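The values are calculated or read from the model by the stated rules, or taken from the named source; none is laboratory data. Here the structure is a predicted model, which means the values were calculated and not measured. Because the Cβ atoms are built from the backbone with ideal geometry, glycine has one as well, and the counts that use them run over all protein chains shown. With ligands, DNA and RNA removed, areas are computed over all heavy atoms of the protein, side chains included. Shrake-Rupley method; radii C 1.70, N 1.55, O 1.52, S 1.80 Å.
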Amino acid sequence: MHFFSKLTLRMFLLSLPLWLAGCAHFQDQSLGLPGLVNVDCQSLDHPPVILIHGTFANTRRAFSSLAPVLKRQGYCLYARNYGSRGMFGLNGMAEIDTSVDQLSQFTDGVLRNTGAGKVILVGHSQGGLIAFLMARRPEFEGKIDRIVAVAPSLRGTTRVPADFNSEHCPACAEQGANSEFMARVHSEKMDSEGVKALIIATKQDEVVTPVSSQFLHEPEVTNVLLQEEFPNVRASHSGLMHVPEAVALIKNYLSSTDDKAKFDEAGRKP
């Protein structure tokens, strides 16, 4: 069995208990963690924040560490679980273009209902890729304040075999480094003009490989390899969303006025 086939099965088995637990409140999946998404929030100080989980994941699992921190900082947080397919309804498995459509409609609704002029997009893994793809859409020109992408599959991953094809998880196949989808995505500039972004990666990522493929070397993008700032910190692909150092980097980046990640509160001297 290919590595990615084993990974798909493993992630499915890990996600199944969460899906079963979520059936009781299926009508509002994104609010599985009390206070995680403060939909009644109003803020004059910050743009709304759209949280975008990754493949097989959900809002509760991906943002349980970051969201409460941002909420305490006064950010209004919004999220929806996207891209579910099949009888078990696991998220982030549908065609990526379909997921981008879903999240674009959701984000347009947030802009319309809040009256905000811009939003912040924060995505993990496939969610980071989707954030950049959303920002490229004409309807969001001038409406994205900035992007935070954590371990994003911007160029897919070499873990997906070239001949991998999944009827039940099109997004898995599309995130292959050599997929037709990735070739199409990178036929144009990834980062949209005027959109600033922070990308955070970890050396221990064994899902989106090579790790260097997660970075964009474009003028308005700040790339941070966690271990270059914190050599003793270890974090997996999913764990990167939960280590305090990465959470602090995101918080400080969003609150900074010069659009650069600041490290003082995360434990490094400025």
Checking A67 against (1) more than 12 Å from the chain's Cα centre (by Cα); (2) open to solvent by 20 Å² or more (accessible area, probe 1.4 Å); (3) modelled with pLDDT under 95: exactly one of these is not met. Which one? (2)
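This table checks each residue for (1) part of a helix (DSSP H, G or I); (2) within 19 Å of V195 (Cα to Cα); (3) β-branched (V, I, T); (4) open to solvent by 50 Å² or more (accessible area, probe 1.4 Å).
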residue	(1), (2), (3), (4)
Y82	no, no, no, no
M93	no, no, no, no
D97	yes, no, no, yes
Q105	yes, no, no, yes
L121	no, yes, no, no
G142	no, yes, no, yes
Of all residues making up the range 190-225, the number that are more than 21 Å from S256 (Cβ to Cβ) and either of a type in the set (A, V, I, L, M, F, W, C) or part of a strand (DSSP E or B) (or both): 4
Looking at E228 and the list (1) of a type in the set (D, E); (2) open to solvent by 10 Å² or more (accessible area, probe 1.4 Å); (3) assigned to a loop (DSSP other than H, G, I, E, B), which single condition is not satisfied? (3)
Tell me the residue from T98, T157, T114 that is touching a Ser or Thr at 6+ places or on another chain (Cβ under 7 Å) and either touching a residue at least 60 places away in the same chain (Cβ under 8 Å) or not hydrophobic (A, V, I, L, M, F, W, C) (or both), please. T157
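For every residue, the table says whether it meets (1) in contact with a strand residue (DSSP E or B) (Cβ under 6 Å, 6 or more places away or on another chain); (2) farther than 18 Å from T55 by Cβ.
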site: A94; (1), (2): yes, no
site: R137; (1), (2): no, yes
site: G142; (1), (2): no, yes
site: A149; (1), (2): yes, no
site: S166; (1), (2): no, no
Inspect all residues belonging to the range 80-89 and state whether any of them is more than 28 Å from A248 (Cβ to Cβ), basic (K, R) and without any contact (Cβ under 8 Å) to a residue 12 or more places away in the chain. no
Just to be sure before I move on: is H186 within 19 Å of the chain's Cα centre (by Cα) and surrounded by fewer than 18 Cβ atoms within 10 Å (Cβ to Cβ) in the structure I sent? yes
So the check is Cβ under 8 Å with 6+ separation or different chains; which pairs have a first residue in the range 229-243 that's over 16 Å from S64 (Cα atoms) and charged (D, E, K, R) and a second one that's at pLDDT below 95 and open to solvent by 20 Å² or more (accessible area, probe 1.4 Å)? E229/F263; E229/R268
Could you say whether any residue in the range 176-189 is assigned to a helix (DSSP H, G or I) and among the acidic types (D, E)? yes
